[in-house]
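What follows is a single structure, written as structure tokens, with notes after it.
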Amino acid sequence: MNDSIIHIFIGYDHRERAATNVLIDSIYQKTSVPVSITPLVTPQLKKKGIYWRERDSKQSTDFSFTRFLVPYLMNYEGWALFMDCDMLFLDDVNKLWSLKDDRYALLCVNHKQKTTQKTKFQGEIQTSYPKKNWSSLMLLNCSRCKKLSVDYVNRASGLELHRFLWLNGDDEIGNLDPAWNFLIDEDFSEDNFNKSEIKNIHWTLGGPWFKDQRYMGGELASDWFNARNESIKLWD
């Protein structure tokens, strides 16, 4: 596996194509090193015969479970970064990549989130569980994630996957600075945040790409529109 390239996988939902495209461009515009970006498109994974589970009633996005196929797609070698598509990078992803630590099977932001909202974007059910949003951004040490076989990912319960019960214990999980997964619904407050410290914005309840959520995150919504406009700018 080529360690000189950052391997990034992005959860893809057909309703959030705009979010995916803007996120990808934000990574490209900020990175200082080569990156390889792969959106996890469910119909493609199904066509390859590596994803076949039926959609769960509590599954709010197309990529709720496909994220756990990343170690398999990496042939259980090297490191990879998984990200939900409803994010916007404000800093160099290489800074995050440099935090890889072989002591751990994965690193993520260990949110202490207690969900109060009953629904999220498009009326989807908002399920509350321990380690909520931990799996939305993961640095995966793929050789230590071999329990995530294709068969296991397709049959394990959602809580088993998202609560990392496939690891030998929580001591295999490293903690990242919350700035790398800044939750609009949890971390954001108009009166209590320093934008200069945020490295990656996460609109976990839905973002500005939805008509009825144009202003989610206050001034941070403007950052998303500015990034969107830059990504489609026409040059003379």
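See the values below:
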item	result
Leading residue by the ranking (surrounded by the fewest Cβ atoms within 10 Å (Cβ to Cβ)) among those in region 133-162 that are at pLDDT 95 or above and in a loop (DSSP other than H, G, I, E, B)	146
Any hit, region 180-190, residues being among the polar types (S, T, N, Q) and not in a loop (DSSP other than H, G, I, E, B)	yes
Matching strands (runs of 3 or more DSSP E) fully within region 1-92 where at least 2 residues are of a type in the set (S, T, N, Q)	35-40
Members of region 1-60 found to be surrounded by fewer than 19 Cβ atoms within 10 Å (Cβ to Cβ), in contact with a Ser or Thr (Cβ under 8 Å, 6 or more places away or on another chain) and of a type in the set (Val, Ile, Thr), listed by number	5, 33
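The values are calculated or read from the model by the stated rules, or taken from the named source; none is laboratory data. Note that the coordinates shown come from a computational prediction; the quantities given were computed from them, not determined experimentally. With ideal geometry, Cβ positions are generated from the backbone for all residues, glycine too; neighbour counts draw on all protein chains shown.
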